[in-house]
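Let me begin by presenting the structure, written as structure tokens, before commenting on it.
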Amino acid sequence: MQNLIFLAEGTEPTEGGHAPENPLGFVPVEAALSLVVFGLLFFLIWKFVAPRFEQTFAERTQAIEGGIAAAESKQAEADAKLAELEKQLADARHEAARIREEAREQGAAIIAEMREQAQAESQRIVEHGKTQIEAERQQAVTSLRAEVGALATGLAGRIVGESLEDEARQSRVVDRFLSELEAQNGTSAGSVN
């Protein structure tokens, strides 16, 4: 190739077929050929390679931006759901506190009602017991009066020596005796108090 360049320049090669060596020399054909090759490579890279790089960069940029946008939207969704869940949790806690308070109030009301019922029942039982005791006492007094009267009449009849079988008379004697007995018990009880 150097031979061709020398021939195009019009210089003769030296004896060995080589051109004189000038390391700093400028060869215009080589420079023109280099410019043409560089221009051709530049055109091919600019026309075919650079658009593909740009397209790949654009796709990657869009994918990254889309991923970031999707991540941001998912993060916003997650934040919204978290806020909603926190609100629901707060509402549930408030509702649980309200239910506990209502249960406490109902429990207190039930306890108060049961106490009132128990007191009413105990008063009813006491009153019933008092009534029953009074009835039994009256029955015992009546029975005792009849027995004491019969015994007193029989005893008085023996002492007096005459029969006190008359009902009216017997009744008067027994009543008078019991009244005197109660009067003596009342005065002795009053002196004890």
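Out of 88, 170, report the one residue that is modelled with pLDDT under 70 and part of a helix (DSSP H, G or I). Break it down into steps so the answer makes sense when it comes.
Details: 88 fails: modelled with pLDDT under 70.
The match here is 170.
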message = Can you tell me which condition residue 136 does not meet? The list is (1) in a helix (DSSP H, G or I); (2) modelled with pLDDT under 80, and all the others hold.
response = (2)
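Scan 85, 44 and give me the residue that is over 53 Å from the mean Cα position of the chain (by Cα) and of a type in the set (A, V, I, L, M). Walk me through how you get there before you give the answer.
On the way: 85 fails: over 53 Å from the mean Cα position of the chain (by Cα).
Residue meeting the stated conditions: 44.
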request  = Scan the stretch 24-40 and give yes if some residue there is surrounded by 10 or more Cβ atoms within 10 Å (Cβ to Cβ) and not in a helix (DSSP H, G or I), otherwise no.
outcome  = yes
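The values are calculated or read from the model by the stated rules, or taken from the named source; none is laboratory data. What you are looking at is a predicted structure, and each value in this text was computed from that prediction instead of being measured. Cβ atoms come from the backbone with ideal geometry, glycine included; neighbour counts cover every protein chain shown.
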